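Single-structure report; data block below.
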Amino acid sequence: MKWEGQRESDNVEDRRDGGGGFGGGGGGGGLRVGGRGVGLGTVAIALVAGWIFGINPLTVLGILGAGGDGGGMPEPTPQVQQQGPAKPPADPMGRFVATVLADTEDVWRAQFQAQGAQYQDPKLVLFRGATPTACGTGQTAMGPFYCPGDQKVYIDLAFYQTLRDKLGAPGDFAQAYVIAHEVGHHVQNLLGITAKLDAQRGRIPEARMNALSVRLELQADCLAGVWAHHAQRSRQILEQGDIEEALNAAAQIGDDKLTGGTVRPENFTHGTSAQRVTWFKRGIASGRMADCNTFEARAL
């Protein structure tokens, strides 16, 4: 992936105590946020979602047929990093993350502007071990995650080592895909999708909620592909083998792959390897947000 010398985002907060490189631990998972009410802001955003995805705004304000991030609210832990002042990363991996985040900013600003809306940049937090978030205590073992409560993406760079060594998905574009997927959740949050879906928790059976979660995760994969499409079209960031790296990463973190077939499909929360690959490929092929409508897809 061609990233050196490109713009780095100012929206990266480095909480790693000034150090670079990999920390300890790693793994997958995510955080949940409890349900919220629908205010006027959500109604306005629902209209934007309708324009972009070709969805009836009333559907956006009802049950969308999509779900939330997998995982549950973590228990508090006493070993939490103190939140210091924001500072830009200086190490190569930190700068790589800042560059990828900047590229997502450029793409999504343009996509929202084309629909007459304004994109709000998320923050990205680099941490080691554990860190406070608006969604509870973030921990390395959760893997990268997005918190709608503070509109921040959190990542311990140890996950990239796990992705490479334990999950068999090396490569810088595989790493970029991870960031783009979490930013995809931010896009969903801005469109009001995440909050409305979270409001369904506890109101519908768990198996149904899991099925909805799969649809939201697959849409985030598709949105990551949309980013890659436009980044390549505008800045020619891809090198030989990059697409294969991202597709491999998507395949390695499918529910069926991670559980080794020991978890029943009704308990999946992120989608199978084949589904994740399919939706990422769909986004990168067309570059159209409307093609990421997992809500009404009959087959995933």
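In table form, for the structure just shown:
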quantity: Under 5 Å, built H, 5+ apart or other chain: amide partners of E13; calculated: L124, V125, L126
quantity: Per residue accessible area in Å² of segment 164-203, where ligands, DNA and RNA are left out and the probe is 1.4 Å; calculated: 28 Å²
quantity: Under the Karplus curve 6.51 cos²θ - 1.76 cosθ + 1.60, θ = phi - 60°, whole-Hz ³J(HN,Hα) for segment 195-204, x wherever Gly or Pro sits; calculated: 5, 5, 5, 4, 5, 7, 5, x, 9, 10
quantity: Distance (nanometres) between label positions extended 7 Å along Cα→Cβ at E239 and R208; calculated: 4.9 nm
quantity: Accessible-area composition of segment 113-239, carbon plus sulfur, in percent [1.4 Å probe]; calculated: 44 percent
quantity: Cα-based reach from K196 at 14 Å (exclusive), listing aspartates and glutamates while leaving out same-chain residues under 8 positions away; calculated: D69
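The values are calculated or read from the model by the stated rules, or taken from the named source; none is laboratory data. Quick caveat, the model's predicted, so the values are computed rather than measured. Glycine also receives a Cβ, built like all others from the backbone with ideal geometry; neighbour counts cover every protein chain displayed. These accessible areas exclude ligands, DNA and RNA; they are computed on the full protein's heavy atoms, side chains included. Shrake-Rupley method; radii C 1.70, N 1.55, O 1.52, S 1.80 Å.
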